[in-house]
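Data block below; observations after.
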Amino acid sequence: VDATASAIPHNTGKAVEYGAEAARCPYAGTAARAPDSSAGASTLSEGEASGKTNGPAAPGVNAAGGRLERVRADATGQALTTNQGVRVSDNQHSLKAGLRGPALLKDFVLREKITHFDHERIPERIVHARGSAAHGYFECLRPLTDLTMAAPFAEKGKRTPVFVRFSTVAGERGSKDTARDVRGFAVKFYTEEGNWDLVGNNMPVFFIQDAMKFPDLVHAVKPEPHHGMPQAASAHDTFWDFVSLMPESTHMLMWLMSDRAIPRSFRMMQGFGVHTFRFVNAAGESRLVKFHWNPVLGTHSQVWDEAVKVSGADPDFHRRDLWEAIDAGNGPQWELGVQVFTEEEAERFSFDVLDATKIVPEELAPVVPVGRLVLDRNPDNFFAETEQVAFCAAHVIPGLDFTNDPLLAGRIHSYVDTQISRLGGPNFHEIPINAPLASVQNNQRDGMHRQAIHRGRVAYEPNSLAGGCPFQAGMDGFVSFPEPVAGDELRGHPEKFAEHYNQATLFYASQTDWERRHIASAFAFELSKVTVLAVRRRMVASLRNVADELARDVADGLGMDLPDPMPRAIADPPRPEVDVSPALSLTARPGDGSVATRKIAILVAEGVDAKAVSAIADALIGAGVVVRLVGQRIGPVAAEGGRMVDADASLDNQPSALFDGAVAPGGGPAAERLRADGRALEFLRDAYRHGKTLMGMGEGKQLFAAAGIPPDEADGGLLLVDGEPGNSAPMFLEALARHRHPERETSPPAV
Ligand code: HDE
């Protein structure tokens, strides 16, 4: 429509009020001709290459990428259309009877747009609602054909595409990343034998032994139903009421109160399959197996005060960290390790391997590295991939099978069931992120949102009208391991399930002093938020069965007397095989010593020593560190001698908790300005208290004194240096590689 073509206002009565120009025909919008759609990637046709393959992905090729290519949409150079492909002339105005008249019901463009918008949200996951995911591959480094037929372990160097989602458990979809919580670690392997989902957590045990208790556990930890608080936190009455009545939770509580529950990064946490699974080889022989993901960067955590501050400064801290690392080409890696043992060996353990509140200590079955997981591509679309991905503990492939773990049994049911309401019907396996690379043929039909167009009239088996297809695969298909079963139907648990404390004690005994202190103060903090005294008392009484030292520290922290120990379920518990297992300490996995992707702040202000800034920044960047110049405000800063440096962050927009360490370079006027800025002093105090690596250079050293940070030769993470700036960089990098300096901690904090 040519807006100038007609001088007659549409609303003749209002021409004056709105001005003749405005009252003319509606604004036409800018029109661009859509390129020939036959060449575009945004429409689908059966004829297009689907990217589905029946063979293993070639090394270096992510076969899952091809599958998603089929549905990727890109509007570059295209005109706006309705969902029916009709080009939209005006996306600014609804259709009205006169410019000030009523909107018309026949405006199908507006109605389609609003209707779709009204239904944009789907229910969030009942647990693990908040997550972040990435694509990558699993590479077999050691073939396991003697143990399992499972496709990913078939040959050395074989790569299987994966999609991995990390999550918190209790918080809602929009909650924060650094809550004290378990983290989900769910891996979908797109194998040529079908999809295998290893849906694990970053802790190797769980709160409960039997699926029957899962809804109770989740109701207890979620925000309390009357007022919907607290969000993403276990520090409230109902959680502690429940777990203090469930001594089987004690081992998991030790992990949850440890720093494992506040990881520094998804990239720096372990993952575990938790349950005991089965490997089955081609001869039909079975071994029991536990899965471990060990991060190449090591296991590292935050401290509580830091996690609290991060959640205010950047609630997306872990999501951003994962995204940025992959975006920068520093995708994280994990080693997959397996603990393999026989049923006979398991029989002899002092605990039951079907009990998900127990680990198999590495002393009893070593963790053997068999492959590596590499995450190298961010999703294109959060909703389509991260939100719609549907993991399922029941998704196994030939070569893998379940055990009779009663918690696992409930999971085998739950995951498919939950997707039916979350993803709106039984066809969620057709959503591109969930669709297997292996081809799918069966006689399941119809249902909400069916994508496949099944041809022919046969949807049953056996049949003769379709030549008997699709036919049963027989021994080529998934054959359940023929585990013998016997026994009466009854509700109860095996004898060894009744021992609840041995491994909680083992975990505590295996921690360093500072890890133990953190555990005690986490218990004290969480229980201090509990308003019912009897619940606090019951929990401390339970902790007396773990370690008296711990119970005493927690009771001290709560200002209460030590209660009598809680009576145990069994009077004469079996003796554990090991009293200490060093692998349970975070310090057991320092990582490969690399400082790449760590974030360091260099504090700058007017008059800063620009030479020192660039010398230290260059050295850090050379080692792969992410450097930010943090100023009193962002933008150019006049440095000493007329040079300029550019502050890309400010003391307000990136506070100290977001960094792994900080440097205060020299330059008298800068030091003077920052000394007078409470935010700069707070920045250093927080970094110090959080155990981070710090360096003061020349006049920059004055800032530490002003912040009340005492010089301490014995503190390897506090470097106060003079002289050539470049010479100090190696010292700083070495200290940074140690991640934290918890030896400087005092209780209460001196700084
Ligand atoms: Fe889950 N769990 N779970 N869980 N779980 C879900 O499935 C459930 C358990 C885990 O990134 C739900 O799709 C039951 C243990 C992860 O999408 C639901 C029981 C472990 C994720 C469900 C457990 C997990 C879930 C919610 C006890 C570690 C997120 C939405 C019998 C081994 C996956 C969904 C993702 C998600 C049920 C216990 C890990 C409701 C019934 C133990 C990582 O189906």
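The values are calculated or read from the model by the stated rules, or taken from the named source; none is laboratory data. Model, not experiment: these values are computed from the prediction. Ideal geometry is used to build each Cβ from the backbone, glycine not excepted, and the neighbour counts take in all protein chains shown.
If I filter segment 109-128 down to residues being within 12 Å of the ligand (Cβ to nearest atom) and not β-branched (Val, Ile, Thr), which single residue comes out as nearest to Phe166 (Cα to Cα)?
Selected residue: His128.
I'm checking my understanding of the structure. Among residues of segment 366-402 that are of a type in the set (Phe, Trp, Tyr) and surrounded by fewer than 22 Cβ atoms within 10 Å (Cβ to Cβ), which one is farthest from the chain's Cα centre (by Cα)?
Selected residue: Phe402.
Let me spell it out: the conditions are (1) touching a strand residue (DSSP E or B) at 6+ places or on another chain (Cβ under 7 Å); (2) more than 30 Å from Pro263 (Cβ to Cβ); (3) crowded, with 18+ Cβ neighbours inside 10 Å, and Pro711 meets all of them except one. Which number is the exception?
All conditions are met except number (3).
Could you tell me which of the residues Ile397, Ile420, Ile412 is aliphatic (A, V, I, L, M) and within 28 Å of His119 (Cα to Cα)?
Within the list Ile397, Ile420, Ile412, the selection yields Ile420.
Looking at segment 99-109, is at least one residue touching a residue at least 60 places away in the same chain (Cβ under 8 Å) and surrounded by 13 or more Cβ atoms within 10 Å (Cβ to Cβ)?
Yes, there is a match, as at least one residue in segment 99-109 is touching a residue at least 60 places away in the same chain (Cβ under 8 Å) and surrounded by 13 or more Cβ atoms within 10 Å (Cβ to Cβ).
What number of residues within segment 127-166 are under 19 Å from Ala325 (Cβ atoms) and aliphatic (A, V, I, L, M)?
So the count comes out to 4.
Can you pull out the residues in segment 674-692 that are outside any loop (DSSP other than H, G, I, E, B) and in contact with a helix residue (DSSP H, G or I) (Cβ under 9 Å, 6 or more places away or on another chain)?
Scanning segment 674-692 gives Leu674, Arg675, Ala680, Leu681, Glu682, Phe683, Leu684, Arg685, Asp686, Ala687, Tyr688, Arg689.
Any residue in segment 506-518 that is farther than 16 Å from Gln302 by Cβ and among the polar types (S, T, N, Q) sitting within a Cβ distance under 7 Å of a residue that is modelled with pLDDT of 95 or more and in a helix (DSSP H, G or I)? List the pairs, counting only those 6 or more apart or interchain.
Ser510/Pro582; Ser510/Leu584; Gln511/Ile519; Thr512/Thr587
Go through segment 413-423 and give me each residue that's buried (at least 16 other Cβ atoms within 10 Å of the Cβ) and more than 7 Å from the ligand (Cβ to nearest atom).
The answer is Val416, Leu423.
Identify, please: which residue in segment 261-305 is of a type in the set (D, E, K, R) and away from the ligand (no atom under 14 Å from the Cβ) and is, among those, farthest from the chain's Cα centre (by Cα)?
The qualifying residue farthest from the chain's Cα centre (by Cα) is Glu285.
Could you look through segment 129-142, keep only residues that are part of a loop (DSSP other than H, G, I, E, B) and surrounded by fewer than 23 Cβ atoms within 10 Å (Cβ to Cβ), and pick out the one that is nearest to the ligand (Cβ to nearest atom)?
Ala129
Would you check if there is a residue in segment 334-346 being buried (at least 20 other Cβ atoms within 10 Å of the Cβ) and under 18 Å from the mean Cα position of the chain (by Cα)?
Yes - at least one qualifying residue is present in segment 334-346.
Here is a yes/no grid of residues against (1) within 30 Å of Ala151 (Cβ to Cβ); (2) surrounded by 22 or more Cβ atoms within 10 Å (Cβ to Cβ); (3) modelled with pLDDT of 95 or more; (4) not hydrophobic (A, V, I, L, M, F, W, C):
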{"position": "Pro223", "(1), (2), (3), (4)": "no, no, yes, yes"}
{"position": "Ala232", "(1), (2), (3), (4)": "no, yes, yes, no"}
{"position": "Trp240", "(1), (2), (3), (4)": "no, yes, yes, no"}
{"position": "Met246", "(1), (2), (3), (4)": "no, no, yes, no"}
{"position": "Thr250", "(1), (2), (3), (4)": "no, yes, yes, yes"}
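Cβ-Cβ under 6 Å, sequence separation 6+ or interchain: first residue in segment 332-360 and among the hydroxyl-bearing types (Ser, Thr, Tyr), partner part of a helix (DSSP H, G or I). Which pairs?
Listed by first residue and then by second, the contacts come to Thr357/Glu248; Thr357/His251.
Any chance segment 197-206 includes a residue that's away from the ligand (no atom under 16 Å from the Cβ) and either under 22 Å from Arg130 (Cα atoms) or not assigned by TED's automatic domain parsing to the domain that holds Phe659 (or both)?
No, that holds for no residue.
Out of Gly624, Gly641, Gly557, I need the residue that is surrounded by 16 or more Cβ atoms within 10 Å (Cβ to Cβ) and of a type outside the set (D, E, K, R). Which one?
Gly557
How many residues does segment 153-185 contain that are in a strand (DSSP E or B), within 15 Å of the ligand (Cβ to nearest atom), among the polar types (S, T, N, Q) and touching a residue at least 60 places away in the same chain (Cβ under 8 Å)?
Qualifying residue count for the region: 1.
Within 20 Å of Ala583 (Cα to Cα), at pLDDT 95 or above, crowded, with 18+ Cβ neighbours inside 10 Å and out of contact with any strand residue (DSSP E or B) (no Cβ under 9 Å at 6 or more places or on another chain), is that true of Gly298?
Considered against the rule, which asks whether it is within 20 Å of Ala583 (Cα to Cα), at pLDDT 95 or above, crowded, with 18+ Cβ neighbours inside 10 Å and out of contact with any strand residue (DSSP E or B) (no Cβ under 9 Å at 6 or more places or on another chain), Gly298 comes out as yes.
Have a look at Val546, Val532, Val554 and point out the one that is touching a residue at least 40 places away in the same chain (Cβ under 8 Å) and farther than 28 Å from His493 by Cα.
So the residue among Val546, Val532, Val554 that is touching a residue at least 40 places away in the same chain (Cβ under 8 Å) and farther than 28 Å from His493 by Cα is Val532.
Hey, can you tell me all the residues within segment 372-394 that are part of a loop (DSSP other than H, G, I, E, B) and away from the ligand (no atom under 15 Å from the Cβ)?
Selection gives Asn378, Asp380, Asn381.
Please find, within segment 210-221, the residue that is surrounded by the most Cβ atoms within 10 Å (Cβ to Cβ) out of those that are farther than 24 Å from Met269 by Cα and more than 9 Å from the ligand (Cβ to nearest atom).
Taking the candidates together, the pick is Ala220.
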